[in-house]
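The values are calculated or read from the model by the stated rules, or taken from the named source; none is laboratory data. None of the values given here were measured: they were computed from a predicted structure. As a convention, Cβ positions derive from the backbone with ideal geometry for all residues, glycine included, and neighbour counts pool all protein chains shown.
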Amino acid sequence: VRHFDAIVVGCGAMGSSLSYRLAEKGLRVRALEQFGLNHGFGSSHGRTRIIRLAYYEDPRYVPLLLRAFDGWRELERDSGAELLKMTGGLMVGGEEGELVPGVMRSARAHGLRCESLTAKEVGERFDAFALSDGYSAVYEESAGVLFPEKIVESFVRLAGAAGCEFGFSERVTRWSPERERIIVETDDETYSADRVAFCAGAWAGSLLGDLLPLGVERQVPFWFSSRGRESFKPGRMPVFIVEEAPGVFYYGVPELGHGVKVARSHGGKAVGPDYVDRAVTREDAVPVEEFVTRRMRGLEVPAMDSTTCLYTNTPDFHFTAGLHPDDDRLAVLGAGSGHGFKFSGVLGEVLAGLMTGQRSPYDVSFLGLERFKGQARSGTGRSPGSHQVASSRRED
Ligand SMILES: Cc1cc2nc3c(=O)[nH]c(=O)nc-3n(C[C@H](O)[C@H](O)[C@H](O)COP(=O)(O)OP(=O)(O)OC[C@H]3O[C@@H](n4cnc5c(N)ncnc54)[C@H](O)[C@@H]3O)c2cc1C
C-alpha cells in the first residue's frame with residue numbers, strides 16, 4: 001500500500017487546481033481520475049467559461065473573484081498559455097428579477113465600476129443584441145472568457161512539475177478513514193493517505209454517501225454561426241447573461257473561432273452522472289434557437305454544434321469548499337452549481353491552505369459543509385464512515 005500526504009479524487013477544474021496547490025506546498029500528492037484528461041462526461045469541458053466581477057449571486061463572492069482574476073493571470077504567466085480573454089460583460093434583465101438588482105448590490109457593496117444602460121442604448125452600442133423595452137442592463141469591463149480545457153491542462157502540467165502523481169482512468173471504488181490514515185481503493189490499487197480531498201463533481205454524492213444534498217442537472221450549450229460578422233467578435237460583443245423572465249437565464253460568449261456560444265442556464269433534466277442522455281434533441285435546441293432569434297441580430301439558426309454537460313447543484317446554489325465537519329482529514333471541493341469554474345483557481349488555493357492547517361484569507365464560511373448537516377438525502381453520510389461507491393454503468 002503506497003502512502004501519500006494527500007490524495008485528490010477527481011481531476012476536473014477543482015481537483016486539478018487543488019492538486020497543483022497541494023504539490024506546490026511540498027506535499028506528496030496522488031490525484032485519481034476515473035476518465036482521461038479533459039474528458040467530456042463531467043462539468044469542465046466545452047471550450048469557454050464566463051468570469052465576471054459584480055456578482056449578482058452574492059456580494060460575498062467578490063473578494064474571492066478579485067483574487068481569482070489575479071490568479072488566472074499568474075497561471076497564464078506560469079504556464080505560458082492564454083487562459084483568460086477579457087471581453088466585458090453585459091447583464092440584462094427586469095428590475096424585478098435577480099440579475100440586474102443583484103449586480104448592482106455587489107457593485108455598491110464593493111465599489112465596482114458598472115454602467116447602467118437602457119435596452120435602446122444596448123442596441124446602439126452592441127450590434128449583436130436586439131432587446132425590447134422594459135429590460136435594463138448593466139455593463140462591466142471586468143468580465144471575460146476562461147478557456148477550461150487549457151486551464152485544467154495547465155494545472156495538471158504544473159502539478160506534475162511540482163511532483164504530483166496522476167492516475168488517469170483510475171476510479172476510486174471505496175474509501176475508509178482509519179485512526180492513523182485513510183484508505184483509498186481504486187479499480188486496481190489500494191493507497192493510504194493522511195488527507196483525502198473529494199473533487200468529484202457530479203459523482204460527489206455517490207462518493208460521499210450522501211453527506212451532501214446534491215442535485216445533478218443536464219445542460220446543453222450550443223454554438224451558432226455568425227458568418228464572420230464583426231459584431232459578434234470580442235471587442236464588439238461582450239459575454240452576456242439575459243434574465244428573460246424572473247429566474248429564467250440565457251448566457252453567451254462571443255465568436256472565438258467555433259461560433260457564438262449561447263445556452264440556457266439551469267432548467268435542465270435531473271440526472272444521475274452515469275445515466276445522462278448525451279443525444280441532443282429538438283427539445284433542447286428549440287428554446288435556445290427561439291432566444292437567439294428573439295434577442296440576437298444576425299446569428300444563423302439552427303446551431304452548428306452542441307455538447308452536454310452537468311451542473312452539480314446544492315440547495316442554496318453556493319459551492320462546497322471546506323473540511324469535513326466531523327473529520328478534518330477529509331475535504332470537499334465542488335458543487336459548482338453552474339457558476340463554479342471561475343473560482344476553481346482561488347478555491348484550490350484556499351482549500352490547500354485549510355488542508356495544511358492554515359486559515360483562509362477570505363470568508364468562505366458560506367461555502368462550508370456544516371450548512372448541510374441534517375439535510376442529506378440519506379442519513380449515511382453524516383458521520384464519515386467507510387464508504388463503497390455504488391457500482392455504476394460506465395459510459396465510455
Ligand atoms: C454547460 C456549463 C456551463 C458552465 N458555465 C460556467 C461559466 O460560464 N462560468 C463558471 O464559472 N462556471 C460555469 N460552469 C460551472 C463549472 O464549469 C463547474 O462548476 C466546474 O467545471 C466543476 O468542476 P469540478 O472539478 O467540480 O467537476 P468536474 O470537472 O466534473 O470534475 C470532477 C471529476 O471527478 C472525477 N471523478 C468522479 N468520481 C470519481 C471517482 N470515483 N474516481 C475518480 N475520479 C472521479 C470525474 O470523472 C470528473 O473528472 C458551467 C458548467 C456547465 C456544465
Positions within the stretch 323-344 being within 15 Å of the ligand (Cβ to nearest atom) and either farther than 22 Å from VAL152 by Cβ or out of contact with any Asp or Glu (no Cβ under 9 Å at 6 or more places or on another chain) (or both), in sequence order: LEU330, ALA331, VAL332, LEU333, GLY334, ALA335, GLY336, GLY340, PHE341, LYS342, PHE343, SER344
Among (1) assigned to a loop (DSSP other than H, G, I, E, B); (2) away from the ligand (no atom under 16 Å from the Cβ) - the single one GLU121 does not satisfy: (1)
Taking the conditions exactly as written (aliphatic (A, V, I, L, M), farther than 30 Å from LEU351 by Cβ, crowded, with 16+ Cβ neighbours inside 10 Å and modelled with pLDDT of 95 or more), does ALA279 satisfy them or not? no
Enumeration of residues in the stretch 74-96 that are at pLDDT 95 or above and either touching a strand residue (DSSP E or B) at 6+ places or on another chain (Cβ under 7 Å) or of a type in the set (Phe, Trp, Tyr) (or both): GLU76, LEU83, LEU84, LYS85, MET86, THR87, GLY88, GLY89, LEU90, MET91, VAL92, GLY93
Here the residues within the stretch 190-249 that are more than 29 Å from LEU84 (Cα to Cα), within 11 Å of the ligand (Cβ to nearest atom) and touching a Lys or Arg at 6+ places or on another chain (Cβ under 7 Å) are none
Criterion first (among the acidic types (Asp, Glu) and farther than 21 Å from GLU165 by Cβ) does GLU33 satisfy it? no
Please specify each residue of the stretch 16-60 satisfying the condition of being within 7 Å of the ligand (Cβ to nearest atom), farther than 24 Å from MET91 by Cα and either polar (S, T, N, Q) or assigned to a strand (DSSP E or B) (or both). LEU32, GLU33, GLN34
Condition met for LEU369 (surrounded by 13 or more Cβ atoms within 10 Å (Cβ to Cβ) and away from the ligand (no atom under 14 Å from the Cβ)): yes
Do you know which residues across the stretch 174-191 are crowded, with 17+ Cβ neighbours inside 10 Å and closer than 24 Å to LEU37 by Cβ? TRP175, VAL184, GLU185, THR186, TYR191
Keeping to the stretch 61-80, report how many residues are within 23 Å of ALA331 (Cβ to Cβ) and within 14 Å of the ligand (Cβ to nearest atom). 6
For the condition over 30 Å from GLU370 (Cα atoms), acidic (Asp, Glu) and either in contact with a Ser or Thr (Cβ under 7 Å, 6 or more places away or on another chain) or surrounded by fewer than 17 Cβ atoms within 10 Å (Cβ to Cβ) (or both), what is the one hit in ASP284, ASP274, ASP316, ASP305? ASP305
Exactly one of these conditions fails for SER231: (1) surrounded by fewer than 20 Cβ atoms within 10 Å (Cβ to Cβ); (2) among the polar types (S, T, N, Q); (3) in contact with a strand residue (DSSP E or B) (Cβ under 7 Å, 6 or more places away or on another chain). Give me its number. (3)
